[in-house]
Amino acid sequence: MRILVTGGAGFIGSHVIRRFVTKYPSYNIYNVDKLTYAGNLENLKDIENCENHVFIKGDIVNEQFVNKIFEEINFDGVVHLAAESHVDRSIKDPLAFVKTNIIGTVNLLNASKRIWEKDNSTGKRFYHISTDEVYGSLGPDGLFTETTCYDPNSPYSASKASSDHFVRAYGETYNMPYVITNCSNNYGPNHFPEKLIPLFINNIMENKPLPVYGDGKYTRDWLYVEDHADAIDLVFHRGKNHETYNIGGFNEWQNIDLVRLLCDIMDRKLARTLGTSQKLITHVKDRPGHDLRYAIDATKITKELGWRPSVTFEQGLEKTIDWFLANKEWLNNVTSGEYQDYYDKMYS
């Protein structure tokens, strides 16, 4: 099989690439990534010499580029992870999210449709990875299910909601063989240090402030990235066409409680007096349109495909912290920007 993975040098994408390359040696895995600030080929150094992994630098917003690679390779499947994903960045520059998340997705759909309709799409699959943020904000009770109405509140979630709608529309209009998953907040190794957990790990190591929005009572469900990669593997191979599956970690944490737990684990790992890192917590002005609570009901994927998380949040957080403490060179390269200079020259 010839599988295209978009955004394969990013956080979640790199874990998916590694899993597919090592678990399915008979597959040819084509990794397309623009190598923006969040795309880092250092995430894949351990498999960079694997014969069934091919990296192609390119931008899915470029229609000619997308059409060209589809015509040359005729992919059997697409695992679409490439996306602008940081809510704060979407507030500052919504158009960048429109281009990548909406136009980029439509370019991939059009290319897939044009190539696959020649053989009636038999055996093909377009797998679109999305987010729980498309559902909007929950109150103190209830869970997001696959039938929850969309109600996005940020430019990021609006762009992802739009791309989800386009995928479903292509399924209805052109009989595109697709699956969609909506996942909760991911965390784990190789996470770019702009999101809460890796940012705070780095800040604690450097004794920098830990900026917590508002009162810190925003609630999220957390999903360990390797468990997410496992779910993606299952859905790609065994999910039903034209179906949506929610993927969650079966746990909810208020941000402030998560940060306090992270501080205590870091104090223990760094041999600091308990309570030292909590002194770095700083409450800052809330961001616009901040959703109060997300929580995923992952019953469907558990019942139909047998998936469930392999770790508790506490276990996953320990593993994540251990990885960052053991990979300070990776973290330094990312925070300094050196990784971009190196790969920009290699693929210029």
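Every number in this text was worked out from the coordinates using simple rules, so none of it is lab data. Since the model is a prediction, treat every value here as computed from it, not as a measurement. Here Cβ is always computed from backbone atoms with ideal geometry, including for glycine, and neighbour counts include all displayed protein chains.
Just from its helices, what would the mean residue ellipticity at 222 nm be for the chain, if runs of 4 or more DSSP H residues each count -39500 (n - 2.57) and the sum is divided by every residue, rounded to the nearest 500 deg cm²/dmol?
Value at 222 nm, helices only, nearest 500: -12500 deg cm²/dmol.
Sort Trp253, Trp222 by Cβ crowding within 10 Å, fewest neighbours at the top.
Trp253, Trp222
Order of Cys263, Cys183, Cys149 from fewest to most other C-beta atoms within 10 Å?
Going from sparsest to densest Cβ surroundings: Cys149, Cys263, Cys183.
Most mobile of Ile102, Ile180, Ile247 per a Gaussian network model of the chain (Cα springs, under 10 Å)?
Of Ile102, Ile180, Ile247, the Gaussian network model singles out Ile102 as fluctuating most.
Please find, in a Gaussian network model of the chain (springs between Cα atoms separated by less than 10 Å), the residue of His191, His86, His237 whose mean-square fluctuation is greatest.
Checking each option, the largest mean-square fluctuation is seen for His237.
Are there DSSP H segments in the chain that both extend 24 Å or more along their axis (alpha-carbon positions) and score a mean Kyte-Doolittle hydropathy of at least -0.5? List them, or say none.
none
What list of whole percents do you get for P(r) of region 1-95, with Cα-Cα distances grouped in 10 Å bins up to the one holding the largest distance?
Whole-percent P(r) values from 0 Å outward: 16, 49, 28, 7, 0.
Please report Met205, Met1, Met176 as a ranked list, fewest other C-beta atoms within 10 angstrom at the top and most at the bottom.
Working: Met205 17, Met1 13, Met176 23.
The fewest-first ordering by Cβ neighbours comes to Met1, Met205, Met176.
Can you give the percent of C-alpha pairs in the chain whose distance is more than 29 Å?
37
Need one number: the % of Cα-Cα pairs in region 20-74 sitting beyond the 17 Å mark.
So the pairs more than 17 Å apart make up 43 percent of the total in region 20-74.
Give me the net charge of Gly214's neighbourhood, meaning all other residues with Cβ under 15 Å from the Cβ of Gly214; Lys, Arg count +1, Asp, Glu -1.
0
In the chain, once you exclude exposed GluC sites (Glu not before Pro) (DSSP loop, at most 13 other Cβ within 10 angstrom), what's the longest stretch remaining?
After excluding every exposed loop site, the longest remaining stretch is 52-205.
Want the number for Asn110 to Lys279: 0.36 nm per residue separation, take away the alpha-carbon distance, what's left?
So the chain would gain 55.6 nm between Asn110 and Lys279.
Across bins of 10 angstrom width beginning at 0, how are the C-alpha pair distances of region 85-221 distributed, in whole percent?
For region 85-221, the pair-distance distribution reads 10, 33, 32, 17, 6, 1.
Compute the separation of the alpha-carbon centres of region 40-59 and region 88-142 and state it in Å as a whole number.
Here the two parts' Cα centres lie 23 Å apart.
Count the DSSP beta bridges whose two residues both fall in region 190-315, then state the antiparallel fraction as a percent rounded to the nearest 5.
Antiparallel bridges make up about 40 percent of those DSSP assigns within region 190-315.
Give me the count of lysine pairs in region 189-348 whose alpha carbons sit under 19 angstrom apart, restricted to pairs 8 or more positions apart or on different chains.
For region 189-348, qualifying lysine pairs total 17.
Work through the residues other than Trp116 whose Cβ is under 10 Å from its Cβ and net out their charges, Lys, Arg +1 and Asp, Glu -1.
+2
Which residue, Asn190, Asn67, Asn182, tops the fluctuation ranking in a GNM of the chain built on C-alpha contacts under 10 Å?
Asn67
Semi-axes of region 233-347's equivalent ellipsoid from the Cα gyration tensor, sqrt of 5 times each eigenvalue, largest first, rounded to whole Å?
After scaling each eigenvalue by five and taking roots: 31, 24, 17 Å.
Please compute the volume of the convex hull spanned by the alpha-carbon atoms of region 160-249 and report it per residue in Å³.
Per-residue hull volume (Cα only) is 118 Å³.
Please give me, ordered by residue number, the chymotrypsin sites (Phe, Trp or Tyr not before Pro) of region 131-179 that lie in loop per DSSP and have at most 16 other Cβ atoms within 10 Å.
Values: sites: Tyr135, Phe144, Tyr150, Tyr156, Phe166, Tyr170, Tyr174, Tyr178; in loops: Tyr150.
Passing sites in region 131-179 are Tyr150.
Can you check what the net charge comes to around Ile180, using other residues whose Cβ is under 11 Å from the Cβ of Ile180 (Lys, Arg +1; Asp, Glu -1)?
Local charge sum for Ile180: -1.
Find, among the trypsin sites (Lys or Arg not before Pro) in region 273-333, those assigned to loop by DSSP (not H, G, I, E, B) with at most 16 other beta-carbon atoms within 10 angstrom.
Passing sites in region 273-333 are Lys285.
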